[in-house]
Each structure stands twice: as structure tokens, then as C-alpha cells.
Amino acid sequence: IGACHLNECNYITHGNFQTLNMVLLLKKIMERIGLNPERLQIRFMSGAEANVFVESTNNFVKKIKELGPIGESEGIEKSELNARLAEVTKLVPYIKIVKNEKLGTRLEKEEEYDNFFTREEVDKLFEEIFSYYIDPQKCQACMTCARRCPVEAIISAKGEVHIIDQDKCIRCGSCFEACPPRFGAVTKITGDVPPPPPEGQRAIIKKAKEKEAA
């Protein structure tokens, strides 16, 4: 990855700091899933430093050739590698949410890089994953969460309890934020997700209207 020198970004967002932090985090994730973290590198350079770009690219190509095909040189079968990468890909939105504040940190010194994210911290991301679940006793089938879901992971039908497809869910929290407070049907849970009501038993339980004050 090539990026502008830190503190020299032309944009007020200074996205190169966040990119650096993402690279540092991904290197730790690569270690966790058994991949050599040297397969991912970031170099800072300006548009006038063509020589730095060429040198960095050539050195990186040389390093990758030395390492060999991804997975194969690490002793990971192709099917297992694909499964591990799929797991990480699915967790990316979740990781960005959980680590949002830390990813925005500006690291000024290179000696801060190695221990910015710890292996224990990364292990926790994988082992303490939370899920979103729609409580069938509270859902009023308003379809608000389904309309807000960016990956269409919510199974919804008029008059029926909505269900989150856990295989599609990216844990972005959109449904949690969208669910009207008066219902509070979407909850955040850890561990196993309760099974959804079987088809034919998903009719919503209408909340009784509050009696008007006399």
C-alpha cells in the first residue's frame, strides 16, 4: 500500500493515519489465521518520489516471491485458507465498529507500531463476537430494520416476526439503531443465537394500545 507521508495529506481527513492503523491491525489478524504478515506492507511517499515507489514495489515483489504462494508456503490447504479469509472478510464491518476510535489514532512514531494492537486484543475480537437478534415477543413487523439493513440480511414479511439471517449479517448495528425504542425488539447478544420461530408460527403479537388518560 502506498500512501502520502504522515501529516502531509492534502485532505483534512488525514486518511493515511487510519490506513496505517488498519494495516497494523490486519497484520495481527494475518498472524492469527496463520499467514505471514510480511505479505502486507505500507510505504509512505510523495508524488515526487518516483524512485521510492519503484524501489518499494520491487522490494515487495521480491519478498512475495521469496515467501511463495499464499497459504501454500504457510502449510494451509486452499479450502482451509478460503474459509479463514471468508471469516475475516465477514468480520471487517464488525471490527471497524468495535475499533473505530482506536483506528482514528494518529501514531507519530514508528516505534509505536508493533504493539499498537496486541495479539490478545485480536484474539478477543474473534472470540467475543456479539450478534444481533430480533426478539419475536417484541417485534411488531414495522419493517424499519429491514429497510435499513445494508446487506438485506433481515427476512421480513407483513405481519410476521422479522428474522436476522446470521450468515448474511455483518454486525454493523444498523438494525439495532433503527428499531423504534417503543418496541426495542433488536438486542445485542453474545454466544449462541436462539433459533427463529418456525414458519407458520411467526405471526406478530400485537402490543396492546396504551389506554388514554382519563
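The values are calculated or read from the model by the stated rules, or taken from the named source; none is laboratory data. If you're wondering where the values come from, they're calculated on a predicted model, not measured in any experiment. Please note: Cβ atoms are built from the backbone with ideal geometry, for glycine as well, and neighbour counts cover all protein chains shown.
Per-residue answers, yes or no, for (1) assigned by TED's automatic domain parsing to the domain that holds K96; (2) among the charged types (D, E, K, R); (3) touching a helix residue (DSSP H, G or I) at 6+ places or on another chain (Cβ under 8 Å); (4) modelled with pLDDT under 95:
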{"residue": "E110", "(1), (2), (3), (4)": "yes, yes, no, yes"}
{"residue": "N115", "(1), (2), (3), (4)": "yes, no, no, yes"}
{"residue": "V122", "(1), (2), (3), (4)": "yes, no, yes, yes"}
{"residue": "C145", "(1), (2), (3), (4)": "no, no, yes, no"}
{"residue": "S156", "(1), (2), (3), (4)": "no, no, yes, yes"}
{"residue": "I163", "(1), (2), (3), (4)": "no, no, no, no"}
{"residue": "G200", "(1), (2), (3), (4)": "no, no, no, yes"}
{"residue": "I205", "(1), (2), (3), (4)": "no, no, no, yes"}
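Between a residue in the stretch 20-31 that is closer than 18 Å to L6 by Cβ and any residue that is of a type in the set (S, T, Y) and at pLDDT below 95, which pairs come within a Cβ distance under 8 Å, given they are 6 or more apart or on different chains? Going by the 8 Å Cβ cut-off, the qualifying pairs are L20/Y113; N21/T105; L24/Y113.
Close Cβ contacts (under 9 Å, 6 or more residues apart or on different chains) running from residues in the stretch 194-207 that are touching a residue at least 40 places away in the same chain (Cβ under 8 Å) to residues that are basic (K, R) comprise P196/R202; I205/K138; K207/K138; K207/R182. Residues in the stretch 20-39 that are assigned to a loop (DSSP other than H, G, I, E, B) and either modelled with pLDDT under 95 or touching a Ser or Thr at 6+ places or on another chain (Cβ under 8 Å) (or both): N36 alone. Being touching a Gly at 6+ places or on another chain (Cβ under 7 Å) and modelled with pLDDT under 90 is a property that I76 lacks. The condition of being in contact with a Leu (Cβ under 9 Å, 6 or more places away or on another chain) and of a type in the set (V, I, T) holds for only one of V151, V122, that being V122.
Within the stretch 144-153, the residues that satisfy the criterion of being within 20 Å of the chain's Cα centre (by Cα) and part of a helix (DSSP H, G or I) are C145, A146, R148.
A single member of K138, K124 is in a helix (DSSP H, G or I) and free of Cβ contacts under 8 Å to residues at least 60 places away in the same chain, and it is K124. When the stretch 40-59 is limited to residues that are in contact with a strand residue (DSSP E or B) (Cβ under 8 Å, 6 or more places away or on another chain) and part of a helix (DSSP H, G or I), the one that is surrounded by the most Cβ atoms within 10 Å (Cβ to Cβ) turns out to be S56. The residue that is surrounded by the most Cβ atoms within 10 Å (Cβ to Cβ), counting only those in the stretch 110-127 that are of a type in the set (F, W, Y) and closer than 30 Å to N7 by Cβ, is F117. Among the residues of the stretch 154-201, those that are among the aliphatic types (A, V, I, L, M) and not in a loop (DSSP other than H, G, I, E, B) comprise I154, I155, A157, V161, I163, I164, A178, V186, I189.
Could you go through the stretch 37-55 and let me know if any residue there is touching a Phe, Trp or Tyr at 6+ places or on another chain (Cβ under 6 Å) and of a type in the set (D, E, K, R). Checked the stretch 37-55: no residue is touching a Phe, Trp or Tyr at 6+ places or on another chain (Cβ under 6 Å) and of a type in the set (D, E, K, R). Can you name the residue in the stretch 128-143 that is under 13 Å from I164 (Cα atoms) and buried (at least 18 other Cβ atoms within 10 Å of the Cβ) and, of all such residues, is nearest to the chain's Cα centre (by Cα)? Checked the stretch 128-143; the qualifying residue nearest to the chain's Cα centre (by Cα) is Y132.
Criterion applied to A146, A157, A86 was being among the aliphatic types (A, V, I, L, M) and loosely packed, with under 12 Cβ neighbours inside 10 Å, and the one residue passing it is A86.
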